[in-house]
Amino acid sequence: MLPLVLVPLLVSAGFEVGGRIGVVFPASGLETTHDAAALFGANLGYEAGLNRLTLAYAYSGLQARQASPYRFDLHDLSLGYGREFVLGRALSRADSYWGFEASASAGLGLLGRTFNSARETGKAPYGALAVGFFQRQGHSRVMVALDNVVFSESRPAGNTSSVSLTYMLAIKGGVAYVF
Amino acid sequence: MCSSACRRLLLVLAAGALLAGCGDMMFYRAKSDYFPLIPGSRWTYDVGGNTAIDSVVGDSVVDGRTCVVVLRDYAPEYWTKDVAGVTQHTSLILNRGGQDFVLEQEYRPIYALPFVLGATWHSTYRDTVVVQGTDTVPVRDSIDCRVTAVDDIGTPAGTFVQCYRVETHREVEAAELSYTTDYYEWLAPGVGLVKRVAGTDSLVLTDYHTGR
């Protein structure tokens, strides 16, 4: 029953489903002990004209900069808004175009650090600004983007609050099927 | 007049701002140096009413390895540090009949890095040393360590947040030099050792200066 309801909705509403892969580069001091890591993710999008809302999930596992049983797992879930800036269109097809996309998103990172069997977990909210290139052709959409991600952490420290910001850079590419 | 796109952007940013109130400081701990050995650094401790001063004075080469020289109350100690851990050059010397016999001389692992809550590490040194030509002395020096907590620690030098507590059990079996000790240490990000408790003895940081 559910598919009978969902399929017409997806067809008519401009949804898209896709996946993405990339590389995460730690910074803000994290790079002294952690290497860059691969990123894998999936996203669910909704587009209305040139505007897009995206719900995305991604995982990356940062390794230590030495042979070590250490890993920093980063699962993140985000909601973002993007806008497409169309630069060109194919003459033969109206649904084929390409251009740049700028997006802003906010999300929550679910973190885990492991060292052998030891594990500590945490979470950190983040904001991200991304710019990238996209190409749309029929039902398919490909993109390459550069994400600037800032994780924010804060906690009380006596009468004040201790705040820590961590910057990470991600280069990612993705494909999506647009309904 | 804000456009529809602008309103959506503001909504996203507002959601981010709401989320910014939380966080477990895990990134902060992951990128912090819990045992800085920077030349020019200086730590002053209160040790049972007495003052002890540690300072990093420079580099040296001991037993073929480049190490950092730390003066602990003006006595040199030799430390090495890399991303995997911290070692200290250890010499265990037995004096018999006015003659020194080296029972142990090595870089002993002190901390395994990076610190993760619940992490454990262990090292054991074993040897047999012949003393005065006839006496055989078995030597065993072992430590068992565990990261047991993340604490905020108040000291006369200030309050330090996100300190890792490391519990250490050390056993030395080396004739009359044998001993066993248990101690707890708190290491603060960017500062290093801020407190140590061993039985009824304690060491607390009263002042520090980080070198550049």
Exercise for review: Identify, from the list A:Gly82, A:Gly122, the residue that is in a strand (DSSP E or B) and free of Cβ contacts under 8 Å to residues at least 40 places away in the same chain.
Suggested key: A:Gly122
Review point. If you go through the stretch B:126-165, how many residues are outside any strand (DSSP E or B) and at pLDDT 95 or above?
Key: 2
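Inspect all residues belonging to the stretch B:26-34 and state whether any of them is polar (S, T, N, Q) and within 14 Å of chain A (Cβ to nearest Cβ).
yes
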**Study point:** Within the stretch A:138-159, considering residues that are facing chain B (nearest Cβ under 10 Å), assigned to a strand (DSSP E or B) and of a type outside the set (A, V, I, L, M, F, W, C), the one farthest from A:Ala128 (Cα to Cα)
**Key:** A:Pro156
**Study point:** Of the criteria (1) surrounded by fewer than 22 Cβ atoms within 10 Å (Cβ to Cβ); (2) in contact (Cβ under 8 Å) with a residue 40 or more places away in the chain, which one A:Val131 fails
**Key:** (2)
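Conditions tested, residue by residue: (1) part of a loop (DSSP other than H, G, I, E, B); (2) in contact with a Gly (Cβ under 7 Å, 6 or more places away or on another chain).
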residue: B:Pro36; (1), (2): yes, yes
residue: B:Ala52; (1), (2): no, no
residue: B:Val56; (1), (2): no, yes
residue: B:Cys67; (1), (2): no, no
residue: B:Ser91; (1), (2): no, no
Point to revise | Count of the stretch B:153-212 residues which are more than 28 Å from A:Ser161 (Cβ to Cβ) and surrounded by 15 or more Cβ atoms within 10 Å (Cβ to Cβ) | key: 14
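The values are calculated or read from the model by the stated rules, or taken from the named source; none is laboratory data. Predicted model only: the values in this text are computed from it and were never measured. When we count neighbours, we look across all protein chains shown, and the Cβ atoms used for this are built from the backbone with ideal geometry, even at glycine.
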